[in-house]
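Scroll down for the structure; my scribbles are underneath it.
The values are calculated or read from the model by the stated rules, or taken from the named source; none is laboratory data. Keep in mind that what you see is a predicted model, and the values were worked out from it rather than measured. Cβ sites come from the backbone with ideal geometry, for glycine too, and all protein chains shown count toward neighbours.
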Protein chains: 2
Amino acid sequence: MQTGNYVIGIDIGGTTTSLGFVDRNGIVRCEATLETLAEQRADTLVSRLSDTIVKLRGNSAISGIGIGAPNANYLRGTVENPPNLNWGASVNLVELFQQHYCVPVAVTNDANAAAIGELQFGIARGMKHVIVITLGTGLGSGIIVNGELLYGADGFAGELGHTTVDPEGRDCACGKRGCLETYVSAAGMCRTVCELLSQNCEPSSMREIRFNEMTSKQIYEAACNEDSIALAAFDITARTLGMKLADAVAHTSPEAIVLSGGLASAGDILLTPTRHYFEEFLFTPYKGKVKLSQSALPEGKGAVLGAAALAWAEVDKMSL
Amino acid sequence: MQTGNYVIGIDIGGTTTSLGFVDRNGIVRCEATLETLAEQRADTLVSRLSDTIVKLRGNSAISGIGIGAPNANYLRGTVENPPNLNWGASVNLVELFQQHYCVPVAVTNDANAAAIGELQFGIARGMKHVIVITLGTGLGSGIIVNGELLYGADGFAGELGHTTVDPEGRDCACGKRGCLETYVSAAGMCRTVCELLSQNCEPSSMREIRFNEMTSKQIYEAACNEDSIALAAFDITARTLGMKLADAVAHTSPEAIVLSGGLASAGDILLTPTRHYFEEFLFTPYKGKVKLSQSALPEGKGAVLGAAALAWAEVDKMSL
C-alpha cells in the first residue's frame, strides 16, 4: 500500500458535504463542497464524492479517508437512522468507500469529527475536558473526556441535540418531541421566529419571508437591523442553549465549551446572551469556571480537519 | 505508619451518616449510623464520628479513611456549598479528619462513592460505562467512563440532581429553580404529592399527613394500598426520572444505569414505570440497549463500600 502525504477529510451534513486534502500538520491543500442531496441513497453520495476526489487528486497519493456523518458509529463503521438523511436504518459507509479506495477508512459522528478537529488544530488544543457543539441544520456534539473523544458503550456518546427541552414540545425528525435541536439549530430558529410571529403583533421583516425559504442568515441580518422578532428569536435560542449547556456541564464538567457551525458564526449576537443564560443556569460549583467560546477555525473547516485527524490516526494504526 | 486490615468508609448524607470498617474484599466488619444534624458545623460531625469510631474500633488497625459527602471535591479534599448541609462555602474535610487520624484520608461526592461501590462490589462490576443515581434526600450521581470515575476538569463531574427539568419550576436549595432533585428524590416526591393534593379531589390517605412529616416511605405504603394520589406521584416521578436519564444517556452512552438509595428501594413500583418512560425518551440509537437496574447492594451499603474502595486506593497510592 502506497503511503501519501495527504488524507481526505469528509464532512457530510444534512445540506452540504465538504471534503479536503489535509496533511499531517492540518494544512488543507485543496477542498470542495457539494450538495448532500439528503433524499438520495448513500452510495450515490459516495460515487459523487469519488468523482470529485478524482478531479481534485492530480498526482497526490492518498493515505486514508476520514468521514464525519450524522449518526455515524466509529466502532461499527456505519451510519444508523440519520434524522436528516434518507439513508434508512443502517449504511456501512466504510465498506462503501472501500469499494472505491484501497486505503484505511474511518467514520465518526460529524460533531465528534468537529470535536477532534478542535482538539488537534483548534481552540481546544491541550485541553482534557471539552464539549464541542455544532450548530448547523441540526445540533451535534462531541465530548472530550480525559483528552480523548468519548464513544461510550455503543459508539454513540454525545448526542445532545436529542436531549429533551420540552416533552410536549416540537416534533423532531428523530420521532421524539421537544428535542434540543428543534429549538437550537438553524431550522429550530426559523421555527422560533414562526412561533413569535404567531404570538406577537410587532412589525417585522420576518413576516415577508415564506417559512420554507427562511434561513438563519436572514434572521441574523434582521437582528442586526434591530428587528424585534429576530432579536427575540436569538434571545430565546440563547436561553435554551444556555440551559442545556449548563446541564451538559453537570454531566462531564468540561473546562470549555466550543460552539462551531453555521449558526455559531452569528458571533456575539448569539454568544453574549448564551454566556449570560449559561452562567445563570450553572450549578454553583461550576459558576465562572467554564469557558464558552466560538470556534476559531474557519467555518466548516473544523469537521473536515477532525475527519482528517481521524484518518491520520487510522493510518498510524494500520502501520503498527 | 501501621497498616491494618480495615479502612473506614463513611457516607455523609443530608439526614444520616453511615460508617463501616471494610476489608480488602469489601466485607463490612462492623458499622454504625448516626444523625448528620445538618444545621451543625462540619467539625462537630467529625468529632462525633471520631467518638463512634473509638467505640467500634477495638484493637483493629485502620489503614485509611474514605468519605462520601455532598458536593465533596476529591481533587481538593473539600466539601463546597453543600445544598443540604449548613457548612458554608468550603470545608476541608480531609484536614479535619487528619486532626484525629494519622492515615490517608480521601473524600468524594457521596454519589461518586456509591458509583465506585457499584463498580467494585455491586451490579456494575466489570462494566466500562455506567451511571449510578442515588435517590435519597436529594438526587446524586456518579458517572463511570472507560472503567473509571469521571471527575472532569474541576473534580465536580456528575451532578445530575442539578440539571434543569423546568426553568420556571420548583425552588431548589442550591438557589436555582426546577432542578431534577426537586422532583425526583424523597423530598421531591413529597412536593409532588402536595401538588397533586392541590389539583385533585380524589380521596387519599396522604391528605391526613402534615407536609413537614411526610416521608417517601408513607407515599410508598399508600401506593401499595392503591392510593391514587400516591400512585400518580410515583408515575410523575418515574416520567421525570426516565426523561432525564435518557438525556444522561445522550451524554455519556452508558451500558447500564443503577438506581440506589432509599427511594430506589421502593423497587418495581418506581422501576417499572421509570423503565417505560426511559425507553420512550431514549434517542433511537440507544433504544433497548441500556440496562436500568436497582442496586443489588444492601440499602445504604453502596456508598459506604464505595468510600472504603476510595480509601483502599489511597492506601495503595501512599505505599507506592
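Would you confirm whether or not the stretch B:164-183 contains a residue that is assigned to a loop (DSSP other than H, G, I, E, B), under 23 Å from B:Ser18 (Cβ atoms) and either of a type outside the set (A, V, I, L, M) or more than 14 Å from chain A (Cβ to nearest Cβ) (or both)? If you could, list the steps in order and put the result at the bottom.
First, pick out the residues of the stretch B:164-183 that are assigned to a loop (DSSP other than H, G, I, E, B): B:165-170, B:172-176, B:178, B:183.
Okay, now just the ones that are also under 23 Å from B:Ser18 (Cβ atoms), so B:173.
If we keep only those that are either of a type outside the set (A, V, I, L, M) or more than 14 Å from chain A (Cβ to nearest Cβ) (or both) as well, we get none.
Within the stretch B:164-183 (the criterion being assigned to a loop (DSSP other than H, G, I, E, B), under 23 Å from B:Ser18 (Cβ atoms) and either of a type outside the set (A, V, I, L, M) or more than 14 Å from chain A (Cβ to nearest Cβ) (or both)), the answer is no, since none of the residues qualifies.
If you scan the stretch B:235-270, which residues turn out to be under 19 Å from B:Ala111 (Cα atoms) and among the charged types (D, E, K, R)?
Hits for the stretch B:235-270 are B:Lys244, B:Asp247, B:Glu255.
Would you mind stating whether B:Ala124 is in a helix (DSSP H, G or I), within 14 Å of chain A (Cβ to nearest Cβ) and either touching a helix residue (DSSP H, G or I) at 6+ places or on another chain (Cβ under 9 Å) or at negative phi (or both)? Give the steps one after another, and end with the answer.
Values: in a helix (DSSP H, G or I): no; within 14 Å of chain A (Cβ to nearest Cβ): yes; either touching a helix residue (DSSP H, G or I) at 6+ places or on another chain (Cβ under 9 Å) or at negative phi (or both): yes.
Criteria not met by B:Ala124.
Pull out all pairs, ordered by first then second residue, where Cβ-Cβ is under 6 Å, the residues are six or more apart or on different chains, the first lies in the stretch A:298-320 and is closer than 14 Å to A:Ile10 by Cα and crowded, with 24+ Cβ neighbours inside 10 Å, and the second is of a type in the set (S, T, N, Q) and modelled with pLDDT of 90 or more.
A:Gly302/A:Ser260; A:Gly302/A:Ser295; A:Val304/A:Ser18; A:Leu310/A:Thr108
Could you run through the stretch B:135-161 and say how many residues are at the interface with chain A (Cβ under 9 Å from one of its Cβ atoms) and aliphatic (A, V, I, L, M)? I'd like the intermediate steps shown before the answer.
Applying the first criterion (at the interface with chain A (Cβ under 9 Å from one of its Cβ atoms)) to the stretch B:135-161 yields B:141, B:143, B:145-146, B:148, B:150-161.
In the following step, the residues that additionally are aliphatic (A, V, I, L, M) were identified as B:143, B:145, B:150, B:153, B:157, B:160.
So the count comes out to 6.
What number goes with the only condition from (1) among the β-branched types (Val, Ile, Thr); (2) closer than 30 Å to B:His129 by Cβ; (3) part of a helix (DSSP H, G or I) that A:Thr192 does not pass?
All conditions pass for A:Thr192, except number (2).
With the requirement that a residue be within 11 Å of another protein chain (Cβ to nearest Cβ), of a type in the set (D, E, K, R) and outside any helix (DSSP H, G or I), what does the stretch B:248-305 give you?
Of everything in the stretch B:248-305, those that are within 11 Å of another protein chain (Cβ to nearest Cβ), of a type in the set (D, E, K, R) and outside any helix (DSSP H, G or I) turn out to be B:Glu255, B:Lys287, B:Lys289, B:Lys291.
From B:Asp43, B:Asp23, grab the single residue that is charged (D, E, K, R), in contact (Cβ under 8 Å) with a residue 12 or more places away in the chain and in contact with a helix residue (DSSP H, G or I) (Cβ under 6 Å, 6 or more places away or on another chain). Give the steps one after another, and end with the answer.
Details: B:Asp23 fails: in contact with a helix residue (DSSP H, G or I) (Cβ under 6 Å, 6 or more places away or on another chain).
Sole residue among the options that is charged (D, E, K, R), in contact (Cβ under 8 Å) with a residue 12 or more places away in the chain and in contact with a helix residue (DSSP H, G or I) (Cβ under 6 Å, 6 or more places away or on another chain): B:Asp43.
Determine which member of the set B:Val132, B:Val79 is within 14 Å of another protein chain (Cβ to nearest Cβ), in a strand (DSSP E or B), over 30 Å from A:Thr240 (Cβ atoms) and in contact (Cβ under 8 Å) with a residue 24 or more places away in the chain. Reasoning before the result, please.
Working: B:Val132 fails: over 30 Å from A:Thr240 (Cβ atoms).
Exactly one residue qualifies, and that residue is B:Val79.
Could you check the stretch A:195-209 and list, in sequence order, the residues that are part of a loop (DSSP other than H, G, I, E, B) and basic (Lys, Arg)? If you could, list the steps in order and put the result at the bottom.
At the first step, the residues of the stretch A:195-209 found to be part of a loop (DSSP other than H, G, I, E, B) are A:200-204, A:209.
None - no residue of the stretch A:195-209 is part of a loop (DSSP other than H, G, I, E, B) and basic (Lys, Arg), so the list stays empty.
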